[in-house]
Amino acid sequence: AFMNTKITNMLLDLLIPTLHFDIGYVGLLPIIHPKEKINKDVIERTEENIAYCKTDWDSFEKSWGFKKHPLLIHKKDGKTIEEAFNNWSEFAKEQFYQLKENEEELNRIFIEIYGLEDELTPEVPEEDVTVRKADRGRDIRSFISYAVGCMFGRYSLDEEGLVYAGGEFDKSRYKTFPVDEDGIIPVLDDEYFDDDIVARFVEFVKVTFGEEHLEENLEYIADALIESGTSAQKTPRETIRRYFLYDFIKDHVSTYNKRPIYWLFQSDGRGKAFNALIYMHRYDKDTVARVRTDYLHELQKKIEAEKVRLQGIIDSDLSTREKNKAKKKLKKLEKDTKELREYDEKLNHLANQQIEIDLDDGVEVNYKKFANVLTNI
């Protein structure tokens, strides 16, 4: 408690004007122990603050103590994500102001003990309070990250906390929301595959919050993404797809301090013709080959079929508007075809090597082995 008061800041400024916090200097701090009754109050408030800070830290997946996303913990009987967020917001707000009150009271107690009422005030500015209030954009993005974790099997709706981060993989631990079969999830500009990431995310929302309010929930998610920087599209699903295509991996890399656990296989080019996520803990030496044959090659076949269909529209007697629309899409697909062909050569080179990774080597070492086919971080 003493070390987190304004008293300590003032004393350290006097003892160590250069901000070099050597342990010897910290040991010089004069500690006056309060009377027993006051001491009990100090201890209770300090323990409360520790609990608030731990709860706050454990609410997000970087914590070892993370159990489940706060929107699911605070869902209660709500059927909409908006209700869940409001519940979480009230909880976080209450924690925030209770911690602030406790810190100010601890400041007041120690200021009085040291007789520094004329020198210091107990107030703590909100920006100095160390727990967070709810933030719709941030929390919806973290909810999406949790959903992706459930898709890959890192988390499960049937268990709390980290479920899989290496070792033997047990698919039976994912009954409520089935885990992705091959640990490869395509992130494309259209729904070309059954395990398309947007389709899977929509299913996740349906499983966690029900089908009745599905469209309302998707709209709420899309609005939160737009508020926090994702470009608005025509429909909520298209906005969510835009987020996965352009913003998800950036958020993930930032959250994990440039040590991502989800890796994005991405073709070169502004069109982002091919994107597929994997979870590094489910990687094996055949993963690159599966990305190439089961997804890249299948996408190429689907695009060729679509090009034939579009050419049929262009050669038909449909309206000029329809023909121009088809020509525009066909032009894009021609560019994508070239991009995919070039990317296939890179993937083929790596797939033939059947590269092994050692999780103990860490993300940085392992990621570099695939630098030519993964998104830059």
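Quick notes on this one:
- Surface per residue (accessible, 1.4 Å probe) for the chain, Å²: 54
- Calculated FRET value between S319 and V207, using beta carbons and R₀ = 41 Å, to 0.05: 0.45
- Span from the segment 51-93 Cα centroid across to the segment 97-123 one, whole angstrom: 30
- Calculated mean residue ellipticity, 222 nm, the chain: -17000 deg cm²/dmol, from DSSP H runs (n ≥ 4) at -39500 (n - 2.57) each, averaged per residue and rounded to 500.
- Across all Cα pairs in segment 27-162, the calculated P(r) in 5 Å bins from zero up to the longest distance comes to 2, 9, 15, 17, 16, 11, 9, 7, 7, 5, 2, 0 percent per bin.
- The heavy atoms of F169 offer some 50 square angstrom of accessible surface to a 1.4 angstrom probe.
- Just the protein heavy atoms count here, and of the accessible area of the chain at 1.4 Å, carbon and sulfur take up 49 percent.
- The packing ranking, built from the mean of other Cβ atoms within 10 Å per residue, places the peptides 337-347, 321-331 in the order 337-347, 321-331, highest first.
- Cα-centre dipole for segment 115-250 with unit charges at Cβ (Lys and Arg positive, Asp and Glu negative), debye to 20: 480
- Candidate lysines - alpha carbon under 18 Å from K335, same-chain residues fewer than 8 apart omitted: K272, K301, K302, K307, K325, K327, K346
- Ranking P178, I144, G161 by Cα position along the charge dipole of segment 101-218, where only Lys, Arg, Asp and Glu carry charges on their C-beta atoms, puts P178 farthest toward the positive end.
- 3J(HN,Hα) couplings calculated from phi for segment 110-120 with the Karplus curve 6.51 cos²θ - 1.76 cosθ + 1.60 (θ = phi - 60°) are, in sequence order, 6, 4, 5, 4, 8, x, 10, 4, 7, 9, 10 Hz; Gly and Pro show x.
- Computed over segment 302-377: relative contact order in percent, which uses C-alpha pairs under 8 Å that are six or more apart: 23
- Selection among Q353, V124, H69 by position relative to the dipole of the chain gives Q353 as farthest towards the positive end (Cβ unit charges, Cα centre).
- Difference of contour (0.36 nm per residue) and Cα-Cα distance, E112 to Y192: 22.0 nm
- Backbone geometry of segment 161-173 corresponds, through the Karplus equation with coefficients 6.51, -1.76 and 1.60 at θ = phi - 60°, to 3J(HN,Hα) couplings of x, 6, 9, 9, 8, x, x, 7, 8, 10, 5, 6, 8 Hz, x marking Gly and Pro.
The values are calculated or read from the model by the stated rules, or taken from the named source; none is laboratory data. Quick caveat, the model's predicted, so the values are computed rather than measured. So basically every Cβ, Gly included, is an ideal-geometry build from the backbone, and we count neighbours across all protein chains shown. The protein model used for the area step is the full one, side chains on, heavy atoms only, and it has no ligands, DNA or RNA in it. Shrake-Rupley method; radii C 1.70, N 1.55, O 1.52, S 1.80 Å.
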